[in-house]
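Below is one structure, written out as structure tokens; comments come after it.
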Amino acid sequence: MIAMQYSFVLPADYDMDIIDRRVTEKGHALDNHKPLVFKSYTLARQGEATTKSNENLYAPFYVWHDTDGMNDFLCSEGFKRLVASFGWPIVRAWPLVVANEHANISLGKFATREIVHLDPFTALDELRASESLKAKIAVESEGAVAAVSAFEPSTWTLVRFRAWSNPRSGSANIQAYEIAHVSRP
């Protein structure tokens, strides 16, 4: 499996209701897309108390079964329309370490995403075990409805994505989002 995210930084005066409408009108298109484990339509509004975001963001987060599904999406007409509307994004992808989902991930209304730079010579087997445990605890004890950890070995970054039913605030290292919709087969 592979995690993927792109992010569009929108102007400070951008009407984020446009994003809300777009998700309402088009979000269902991937609801039964078989290559997808899930897609979280995540966004943040600048200055909003819950996310404490410094920017207006539209930043969907995906978990794909494999790279074929991801590549098919990136080559799709839907992605072409997205790029025509918002520009050419940097698409980040991370091979999955773990993905724990609650049976009803659609209860997720908020999300957090943390990107951590890994130290050289990190014991990857220990990282994998530790992240698997953290994801399990997030779902079983901390109230997350999804917990994903993945790392990217060319930049040596680790991503932790959590979906929550209750608000979570961002911080210097953690970007918080609202979830406008969740698609999953």
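The values are calculated or read from the model by the stated rules, or taken from the named source; none is laboratory data. Predicted, not measured: the structure shown is a model, and the values here were computed from it. Note that each Cβ is placed from the backbone with ideal geometry, even for glycine, and that neighbours are counted across all protein chains shown. Ligands, DNA and RNA are stripped out before the accessible areas are found, and what is left, the full protein with its side chains, is counted by its heavy atoms. Shrake-Rupley method; radii C 1.70, N 1.55, O 1.52, S 1.80 Å.
Of the solvent-accessible surface of the range 30-160, computed with a 1.4 Å probe and all protein chains present, 54% belongs to carbon and sulfur. Here the peptides 55-64, 168-177 are ranked by packing, the mean other Cβ count within 10 Å, and the order with the highest first is 55-64, 168-177. Lysine pair count for the chain with Cα-Cα distance under 30 Å and sequence separation of 8 or more or different chains is 20. Note on the chain: with charges restricted to the Cβ of Lys and Arg (+1) and Asp and Glu (-1), its dipole about the Cα centre is near 200 debye.
Take ARG22: with every protein chain present and a 1.4 Å probe, its accessible area is about 50 Å². For the range 104-157 versus the range 33-90, the inter-centroid distance based on Cα atoms is 19 Å.
Taking every C-alpha pair closer than 8 Å and separated by at least 6 residues, the mean separation divided by the residue count of the chain gives a relative contact order of 33 percent.
Listed by number, the DSSP H helices of the chain that run 20 Å or longer by alpha-carbon position along their axis and have mean Kyte hydropathy of at least -1.0 are 124-140.
Kindly identify the chain as rounded, prolate or oblate by the Cα gyration tensor criterion: order the square roots of the eigenvalues as a ≥ b ≥ c, call it rounded if a/c is under 1.5, otherwise compare a/b with b/c, prolate if a/b is larger, else oblate. Because its axes are fairly even, with a/c under 1.5, the chain counts as rounded. How would you classify the range 29-100 from its alpha-carbon gyration tensor, with a ≥ b ≥ c the square roots of the eigenvalues: rounded for a/c under 1.5, else prolate if a/b is greater than b/c, otherwise oblate? Oblate shape, in that a/c is at least 1.5 and b/c is the bigger or equal ratio. Estimated from helices alone, the mean residue ellipticity of the chain at 222 nm is -7500 deg cm²/dmol (sum of -39500 (n - 2.57) over DSSP H runs with n ≥ 4, per residue). The residues of the chain expose, per residue, 51 Å² of accessible area to a 1.4 Å probe.
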